[in-house]
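A short worksheet on the structure shown next.
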Amino acid sequence: MTAYAFSILLLRVVLGLTMAAHGYNKFFGGGRIPGTAGWFDSIGMKPGLLHARLAASTEILAGLGLAVGFLTPLPAAGFVALMVVAAWTVHRDNGFFIVKSGWEYNLVLGVAAVAIAGTGAGRYSLDCLLFHGSSFYHLLHGWCGLAIAVGLGLAGGIGQLLIFFRPPVKV
């Protein structure tokens, strides 16, 4: 195993399982989906129940998809969409740094996922196992993978904000 193959595997697995854990927590931790739904309603993402389910499901599916390296640009796009929505609705008014609840963490997660889509999931991935050598494989990495992750991710995140986000009125 080369250092490159191990590094991509390590990054994919840690990043993916971290995101999946966030989704799992929305379903089974603390306030579960009803609590998460109330929070989504409170920040202006209505209907909260829909967004709680969508966010939790996307976090789990995108996280696991990235962790195993399956159709890698698609889970990377999920990361981008999730992080765009989170950064805009929760963190943008707090500045950049995470220590002040800023959008720094959102940026790092989104960019790391896009970088993986650009480099490809690596030798130890389902993409390589299932598609290496096929004409489809070139869509899963390089400029094409990067464009899919960024394009679909931004379209999904911005689209969701335009359709559903109604910021609460601050008094």
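Placing a pseudo-label 7 Å from each Cα along the Cα-to-Cβ vector at VAL13 and LEU130 gives an inter-label distance of 2.0 nm. Each Lys and Arg contributes +1 and each Asp and Glu -1, all at the Cβ; summed about the Cα centre of the range 3-164, the dipole is approximately 160 debye.
Label-to-label distance for ALA3 and LEU107 is 2.8 nm, based on points extended 7 Å past Cα in the beta-carbon direction.
The string of couplings for the range 74-88 from the Karplus curve (6.51, -1.76, 1.60, θ = phi - 60°) is 6, x, 4, 4, x, 4, 4, 4, 4, 6, 4, 5, 4, 4, 6 Hz, one whole number per residue in order, with x for Gly and Pro. Note that the range 113-128 has calculated 3J(HN,Hα) couplings of 5, 5, 4, 5, 4, x, 7, x, 6, x, 4, 9, 9, 5, 4, 5 Hz, one per residue in order, obtained from phi through the Karplus relation 6.51 cos²θ - 1.76 cosθ + 1.60 (θ = phi - 60°); glycine and proline are x. Taking the convex hull of the alpha carbon positions in the chain and averaging its projected area over all directions gives 10.6 nm².
Exposed loop chymotrypsin sites (Phe, Trp or Tyr not before Pro) only (DSSP loop, at most 14 other Cβ atoms within 10 Å): please give the longest stretch of the chain free of them, not including the sites.
On the way: sites that count: PHE96, PHE97, PHE136.
Longest stretch, sites excluded: 1-95.
Quick one: go through the range 34-59 and flag any residue whose amide nitrogen is under 17 Å from the point 7 Å out along the Cα-to-Cβ line of ASP93. From the range 34-59, the list is 39-46.
For the chain, what is the calculated [θ] at 222 nm in deg cm²/dmol (nearest 500), taking -39500 (n - 2.57) for each run of four or more DSSP H residues and dividing by its residue count?
Details: 7 runs with 118 residues, N = 171.
Mean residue ellipticity, 222 nm, calculated: -23000 deg cm²/dmol.
Taken along its principal axes, the alpha carbon cloud of the range 102-171 reaches lengths of 59, 24, 18 Å, longest axis first.
Every read-out reported here was derived from the displayed coordinates using simple, explicitly stated rules and does not represent laboratory data. On a predicted model such as this, the values are computed, not experimentally measured, just so you know. Because the Cβ atoms are built from the backbone with ideal geometry, glycine has one as well, and the counts that use them run over all protein chains shown.
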